[in-house]
Amino acid sequence: MLDLAIILPTLNECGNIASLVQRLDGALEGLRWEAIFVDDNSADGTADAIRKLASAEPRVRVIQRFGRRGLASAAIEGMCATTAPFVAVMDADHQHDPELLPAMLETVREGHADVAVASRFAEGANADGLEGEGRQRASGFANALSRRITGTELTDPMSGFFLLRADLARTLTPRLSGVGFKILLDILATAPAALRVQEIPLEFAERRAGESKLDRAVAFEFLVGIYDRLFGRIIPTRFALFGTVGALGVVVHMAVLAALFRLAGEGFAFSQAIAVLVAMSFNFWLNNWLTYRDQRLKGVGAVLRGWLGFCSACSIGALANVAVATLLEARGWHWVVAAMTGILLGSVWNYALSSRFVWGRFR
C-alpha cells in the first residue's frame, strides 16, 4: 500500500527526470511512494525518458497528454490517477526541494492541517529562484489579491508545491476550473469551508534544466484564474478573453480605418477591408500569446499555419463585417457606427470557428 503520490506536471523537462527521481528516493526513504509525471507531449522526449526510467523503477509512471495542456489540469489528472491516500504536487525542475515532503506528509497525516504548503515567503524561506525582481514583485501582488479571494491567510497562496489528502482532492475536482497554473489557489477557493493550511519554509532554488512553464504572461494567467473562479460559470473564460483581445483589436481596426479613410482619403470598402486584415492579424497574435497560452502555437511554421487557419476561419465573419459595414455607410450611417456594427456581427462567429479549428477546442 502506498503512502504518498507525487504529481509532477512536465513540459520539456527531459534533463531533469533522472536526477529528480534520485532526489525523491533519498528524501522519501522509509516511505512507500510513487511519482506520476503528467507530460504535455513535450517536444524534447520527456515522456519517453520517463518510460525508459520506469522500466527499471516501478515507482515511476507517466501520463502523456495529447491535445490538452496546462499545469493545473495536469495536476488534477495526476491526483485522480493514484491509489495513494495523500498526494503532493510539485515542479520537476528542482526548484522545489523534495526534502520537505516527509514533514509536509506528517503535518497532514497527523491532522494538523488539511493542506501543507511549501512557502517561498514564510519566515526562514527565500525566493531567490524567482527570475528577477519583477517576478518577485508580481508574485507578492498576486499573493495579496489571492488571500482576499480565498479568505485564507497565507504568505504564499500562489505556491506550486503542496500536499493534501487524495480523497479531498478528488472531492473538489468536479468544481475545479483547471484553468491556468495556480492549482492551489483553485483548491482553496473551491473548498466549501476554509481549509486549515500549514506552511513550511521553502528555499526556492534555480531550475536546473529545461524551460519554465511560466513566462511574461504569468500575471495575466493569474488574473485569468481569478476571473474563472469568480465569473467563469456565467461567461466562459475563453470567450471573455477572446472578447477582451477583440476589444483591443477594435482599437487597432479603428485606427487603421481612420488613417486610410479619413486621412489618406481611400474608399470606405477598401479601408475597412485592410483594417479587418490588420486587426485579424493582431487578434491572432494576441490570442495565441494570451487566450490560448496553454495551447500556444510555436515555431515559424506552426504560427504561419495558425495565422492562415485563423484568417480562413474568420473569413466569413470578415466578409460579413466588410459587407454590412459598407452597406450601412453607403446608406448614410456614420462611418464609426457602420464599422462597429460590422465588427460586432463577426465576433461570435470568429470565436466559435477559431476556437475549434485553430487552437483545437472550446474551453
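The values are calculated or read from the model by the stated rules, or taken from the named source; none is laboratory data. As the structure is a prediction and not an experimental result, all values here were calculated from the model. Please note: Cβ atoms are built from the backbone with ideal geometry, for glycine as well, and neighbour counts cover all protein chains shown. Areas reflect the complete protein model, heavy atoms only, side chains present, ligands, DNA and RNA absent. Shrake-Rupley method; radii C 1.70, N 1.55, O 1.52, S 1.80 Å.
When the residues of the stretch 95-152 are filtered to those that are farther than 17 Å from residue 197 by Cβ, in a helix (DSSP H, G or I) and open to solvent by 60 Å² or more (accessible area, probe 1.4 Å), the one that is modelled with the highest pLDDT is 99.
In the stretch 182-203, the qualifying residues are those that are in a loop (DSSP other than H, G, I, E, B) and surrounded by 22 or more Cβ atoms within 10 Å (Cβ to Cβ), and the one that is modelled with the highest pLDDT is 202.
Residues that are open to solvent by less than 30 Å² (accessible area, probe 1.4 Å) and either part of a loop (DSSP other than H, G, I, E, B) or free of Cβ contacts under 8 Å to residues at least 24 places away in the same chain (or both) within the stretch 33-46 comprise 40, 42, 45, listed in sequence order.
The condition of being modelled with pLDDT of 95 or more, farther than 15 Å from residue 166 by Cα, open to solvent by less than 10 Å² (accessible area, probe 1.4 Å) and among the hydrophobic types (A, V, I, L, M, F, W, C) holds for only one of 89, 60, that being 60. Residue under question is residue 27, and the condition is that it be at pLDDT 95 or above, out of contact with any Lys or Arg (no Cβ under 9 Å at 6 or more places or on another chain), over 23 Å from residue 167 (Cβ atoms) and small (Gly, Ala, Ser); does it hold? Taking the combined requirement at face value, the residue satisfies it. Scanning the stretch 163-181 for residues that are within 18 Å of the chain's Cα centre (by Cα) and either at pLDDT 95 or above or buried (at least 18 other Cβ atoms within 10 Å of the Cβ) (or both) yields 176, 177, 178, 179, 180, 181. Please verify whether residue 7 is crowded, with 18+ Cβ neighbours inside 10 Å, closer than 30 Å to residue 297 by Cβ and in contact with a Gly (Cβ under 7 Å, 6 or more places away or on another chain), treating the condition exactly as stated. For residue 7, the condition - crowded, with 18+ Cβ neighbours inside 10 Å, closer than 30 Å to residue 297 by Cβ and in contact with a Gly (Cβ under 7 Å, 6 or more places away or on another chain) - is met. The C-beta contact set for the stretch 303-316 (first residue within 14 Å of residue 276 (Cα to Cα) and touching a residue at least 24 places away in the same chain (Cβ under 8 Å), second residue outside any helix (DSSP H, G or I) and of a type outside the set (D, E, K, R), distance under 8 angstrom, 6+ apart or interchain) comprises 310/358; 313/358. Taking the criterion of being open to solvent by 30 Å² or more (accessible area, probe 1.4 Å) and either under 14 Å from residue 246 (Cβ atoms) or among the hydrophobic types (A, V, I, L, M, F, W, C) (or both), the residues of the stretch 261-282 that qualify are 261, 263, 264, 269, 270, 273, 274, 277, 278, 281, 282. Restricting the first member to the stretch 89-110 and to residues that are free of Cβ contacts under 8 Å to residues at least 40 places away in the same chain, and the second to residues that are open to solvent by 20 Å² or more (accessible area, probe 1.4 Å) and of a type in the set (A, V, I, L, M, F, W, C), the beta-carbon pairs closer than 9 Å and six or more apart or on different chains are 109/86.
Beta carbons closer than 7 Å, at least 6 apart along the sequence or on distinct chains, never pair a first residue in the stretch 113-130 that is under 27 Å from residue 166 (Cα atoms) with a second that is in a strand (DSSP E or B) and at pLDDT below 85.
Collect the residues in the stretch 23-41 that are basic (Lys, Arg) and closer than 20 Å to residue 79 by Cα, keeping them in residue-number order. Within the stretch 23-41, 32 is the sole residue that qualifies. Can you say whether residue 248 is touching a residue at least 12 places away in the same chain (Cβ under 8 Å) and open to solvent by 60 Å² or more (accessible area, probe 1.4 Å), as far as the supplied structure shows? For residue 248, the condition - touching a residue at least 12 places away in the same chain (Cβ under 8 Å) and open to solvent by 60 Å² or more (accessible area, probe 1.4 Å) - is met. So, of the residues in the stretch 31-45 that are in contact with a helix residue (DSSP H, G or I) (Cβ under 9 Å, 6 or more places away or on another chain) and at pLDDT below 95, which turns out to be nearest to residue 82 (Cα to Cα)? Looking at residues that are in contact with a helix residue (DSSP H, G or I) (Cβ under 9 Å, 6 or more places away or on another chain) and at pLDDT below 95, I get 40.
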